[in-house]
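Structure record follows, encoded as structure tokens.
The values are calculated or read from the model by the stated rules, or taken from the named source; none is laboratory data. Because the structure is predicted, anything quoted here is derived from the model rather than measured. Neighbour counts run over all protein chains shown; Cβ positions are idealised from the backbone, glycine included. With ligands, DNA and RNA removed, areas are computed over all heavy atoms of the protein, side chains included. Shrake-Rupley method; radii C 1.70, N 1.55, O 1.52, S 1.80 Å.
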There are 2 protein chains.
Amino acid sequence: MTQSARPRGVFSPVLTPFTDGYAPDARRFVRHCRWLIEQGVGLAVFGTNSEANSLSLDEKRGLLDRLLDAGIPPDRLMPGTGACALPDAIALTRHAVTAGCAGVLMLPPFYYKGVSDDGLFRAFAEVIEAVGEAVGDARLRVYLYHIPAVSQVPLGLDLIDRLLTAYPGIVAGIKDSSGDLANTRAMIERFGARGFDVFAGTEAILLETMRAGGAGCITATGNVNPAPIVDLYANWQAADADARQAALNRTRAAFQQFPMIAAMKEAIAVQSADGGWRTVRPPLTELQEGQRALLGQALDALGFAMPGAERLAA
Amino acid sequence: MTQSARPRGVFSPVLTPFTDGYAPDARRFVRHCRWLIEQGVGLAVFGTNSEANSLSLDEKRGLLDRLLDAGIPPDRLMPGTGACALPDAIALTRHAVTAGCAGVLMLPPFYYKGVSDDGLFRAFAEVIEAVGEAVGDARLRVYLYHIPAVSQVPLGLDLIDRLLTAYPGIVAGIKDSSGDLANTRAMIERFGARGFDVFAGTEAILLETMRAGGAGCITATGNVNPAPIVDLYANWQAADADARQAALNRTRAAFQQFPMIAAMKEAIAVQSADGGWRTVRPPLTELQEGQRALLGQALDALGFAMPGAERLAA
């Protein structure tokens with residue numbers, strides 16, 4: 001099998017719905033993924049906003065298989081496969097690559113803090129070597145995942161340089177969730193010419209990222225506001241691009257007043273008329289009643305709607 | 001099966017040896033555990049210093065089974081069973097309780113930061129309810145694990161109060177690795193009378209913890225300096241207790257100049273004449289040559305020795 005086209009554009013860390021008993025709900029998950037694909041959004045399943053680190057390895061493998069069984073095209077999938085434990089990262093990466101996913105998005109091991117670049121290099125290298133040996137390098141495309149505020153394990157430019165030098169073609173890019181446009185730009189400038197695609201970690205800097213030569217964005221709000229974000233990606237050189245960006249930012253700001261995962265699930269629950277969408281797995285919690293009302297008011301004021309959301313209901 | 005006696009005294013997060021290929025080395029692990037038991041140290045396997053979060057669930061279950069098969073008494077075991085994903089925490093806790101372990105040491109889910117007490121309560125409660133339902137509450141004894149510098153998810157006094165109120169007899173104590181004696185004392189004062197045992201997270205405050213009414217300590221350096229730490233625990237009311245504490249602190253300080261896990265493995269490698277002990281799993285790294293020499297000099301100056309360490313060799 002040869003590699004699919006390099007992923008570009010807008011991806012979303014797909015929200016993971018749960019049943020009342022906190023089990024992953026594959027039925028709602030497949031429906032949501034289908035809907036996102038139709039809106040032009042790629043599926044970075046098992047990201048931070050997917051509560052992926054609250055899922056077991058078996059649960060993640062099971063959900064990925066359900067997507068493939070449902071006919072979701074693997075070349076639109078970029079599953080998160082990083083983990084604290086090397087065997088877990090290797091197992092899920094291998095599973096994703098074997099399934100033909102366009103790429104994998106890889107957190108560093110995130111329990112130990114203050115670890116050295118040597119240790120982080122070795123952690124990524126072990127996964128790449130093990131999966132490459134098992135399934136062949138040609139199908140392996142790793143996107144690094146830099147999200148220091150959550151992982152507390154930053155991926156610096158020197159580390160990226162080392163990985164890119166050791167594994168050209170395999171280390172294919174990064175999701176930069178630093179929230180720091182200067183960092184995103186620095187990555188593009190330093191590595192962009194070496195086949196390294198930089199995705200902004202939020203659509204709030206999508207336009208600036210595209211102007212700087214980036215590949216798109218992988219963004220939480222892609223779950224709820226997909227079409228307008230894809231629209232800006234497709235038209236970032238249009239005359240009204242700044243106005244489109246400003247509109248995206250207003251919608252994002254409405255969600256960002258609250259914990260994002262719970263807020264997005266709340267919006268889907270309302271739009272799909274399916275309250276089961278509200279469930280988050282501990283240690284997260286649903287929005288409280290007052291927060292729900294405030295979010296609803298903010299979204300109503302923006303005329304927010306998710307066309308076709310009724311199909312997301314269980 | 002009834003509960004074993006409540007664990008007290010000195011426990012150590014047992015170092016996990018690895019083969020050259022980074023696989024857990026059950027043979028060295030069993031030998032090290034036997035040696036620790038002979039020195040009077042209980043086995044908090046799968047702690048931070050065990051690189052436990054670099055191990056998969058299956059690896060942890062396998063290592064625990066190997067200890068039990070080797071005749072290690074389960075009432076000397078307090079495995080770490082906390083995890084980011086609820087199903088993992090439930091599975092390993094259930095495995096440990098079924099095996100008759102004296103208790104389990106439970107990290108909170110540690111990927112998401114800034115989570116609410118409601119969410120953390122729910123996370124612990126879900127594990128307790130699930131395991132209690134499966135194996136019976138009477139055998140379940142949970143020790144909370146507060147290590148904010150690493151987990152970045154602190155366990156505050158109000159949360160502990162809630163858990164202790166909801167699950168008296170099950171929520172049995174805490175390992176306080178805050179490094180803050182005032183916090184350790186506050187826990188003892190507020191919860192000590194309610195059947196809640198407070199273990200210091202380092203022997204550096206063992207004497208003060210015992211004077212305040214604590215239950216002992218769970219400490220990394222128990223891996224390499226077990227007998228003197230147990231000695232202070234047994235003799236904390238002796239006239240020379242302060243001198244014993246000072247001696248412990250000198251040995252600890254020699255290790256603490258370096259990353260602790262790598263430094264302790266280095267010391268065991270030297271003392272057991274088995275260089276294989278040096279291996280750590282990524283993202284950690286072994287001590288560099290210069291560090292090895294400096295550690296050796298510091299330990300020689302203290303007359304450091306691990307009697308019987310030759311039995312730890314593979």
- Collect the residues in the stretch A:58-85 that are within 13 Å of chain B (Cβ to nearest Cβ) and surrounded by fewer than 22 Cβ atoms within 10 Å (Cβ to Cβ), keeping them in residue-number order. A:58, A:59, A:61, A:62
- Item | Of residues in the stretch A:35-44 being buried (at least 24 other Cβ atoms within 10 Å of the Cβ) and in contact with a Lys or Arg (Cβ under 8 Å, 6 or more places away or on another chain), the one nearest to the other protein chains (Cβ to nearest Cβ) | A:44
- With respect to residue A:251, is the statement that it is open to solvent by less than 50 Å² (accessible area, probe 1.4 Å), under 26 Å from residue A:105 (Cβ atoms) and part of a loop (DSSP other than H, G, I, E, B) true? no
- Answer yes or no as to whether residue A:296 is of a type outside the set (Asp, Glu), touching a residue at least 60 places away in the same chain (Cβ under 8 Å) and part of a helix (DSSP H, G or I). no
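Specify which of the listed residues (B:27, B:31) is surrounded by fewer than 22 Cβ atoms within 10 Å (Cβ to Cβ), in contact with a Lys or Arg (Cβ under 7 Å, 6 or more places away or on another chain), touching a residue at least 60 places away in the same chain (Cβ under 8 Å) and charged (D, E, K, R).
On inspection, the qualifying residue turns out to be B:31.
Quick one: is residue A:16 within 14 Å of chain B (Cβ to nearest Cβ), touching a Ser or Thr at 6+ places or on another chain (Cβ under 6 Å) and β-branched (Val, Ile, Thr)?
yes
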- Number of positions in the stretch B:92-118 that are open to solvent by less than 30 Å² (accessible area, probe 1.4 Å), within 14 Å of residue B:151 (Cβ to Cβ) and either without any contact (Cβ under 8 Å) to a residue 24 or more places away in the chain or of a type in the set (Ser, Thr, Tyr) (or both): 2
- Residue count for the stretch A:92-113, restricted to those that are assigned to a loop (DSSP other than H, G, I, E, B) and within 12 Å of another protein chain (Cβ to nearest Cβ): 7
- Query: In the stretch B:259-275, which residues are open to solvent by 20 Å² or more (accessible area, probe 1.4 Å), in a helix (DSSP H, G or I) and away from every other protein chain (no Cβ under 14 Å)?
  - Reply: B:270, B:271, B:275
- Item | Residue list for the stretch B:114-129, restricted to those being more than 9 Å from chain A (Cβ to nearest Cβ) and hydroxyl-bearing (Ser, Thr, Tyr) | none
- Task: Can you work out which of the residues in the stretch B:284-293 that are over 14 Å from residue B:224 (Cβ atoms) and touching a residue at least 12 places away in the same chain (Cβ under 8 Å) is most open to solvent (accessible area, probe 1.4 Å)?
- Result: B:292
- Within the stretch B:30-59, count every residue that is farther than 27 Å from residue B:231 by Cα, in a helix (DSSP H, G or I) and touching an Asp or Glu at 6+ places or on another chain (Cβ under 9 Å). 1
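Those residues that are closer than 20 Å to residue A:312 by Cα and either in a loop (DSSP other than H, G, I, E, B) or more than 13 Å from the chain's Cα centre (by Cα) (or both), I need them from the stretch A:205-225; list them, please.
A:219, A:224, A:225
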- Query: Can you name the condition, by its number, that residue A:89 falls short on among (1) crowded, with 22+ Cβ neighbours inside 10 Å; (2) within 21 Å of residue B:90 (Cβ to Cβ)?
  - Reply: (2)
- Task: Taking residue A:135 as the residue in question, decide whether it is at pLDDT below 95 and over 26 Å from residue B:150 (Cα atoms).
- Result: yes
- Task: Evaluate the stretch A:133-144: report whether one residue or more is buried (at least 22 other Cβ atoms within 10 Å of the Cβ), more than 14 Å from chain B (Cβ to nearest Cβ) and assigned to a loop (DSSP other than H, G, I, E, B).
- Result: yes
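Do the conditions hold for residue A:89, that is, is it without any contact (Cβ under 8 Å) to a residue 60 or more places away in the chain and either more than 7 Å from chain B (Cβ to nearest Cβ) or closer than 20 Å to residue A:176 by Cβ (or both)?
On the way: without any contact (Cβ under 8 Å) to a residue 60 or more places away in the chain: yes; either more than 7 Å from chain B (Cβ to nearest Cβ) or closer than 20 Å to residue A:176 by Cβ (or both): yes.
Taking the combined requirement at face value, the residue satisfies it.
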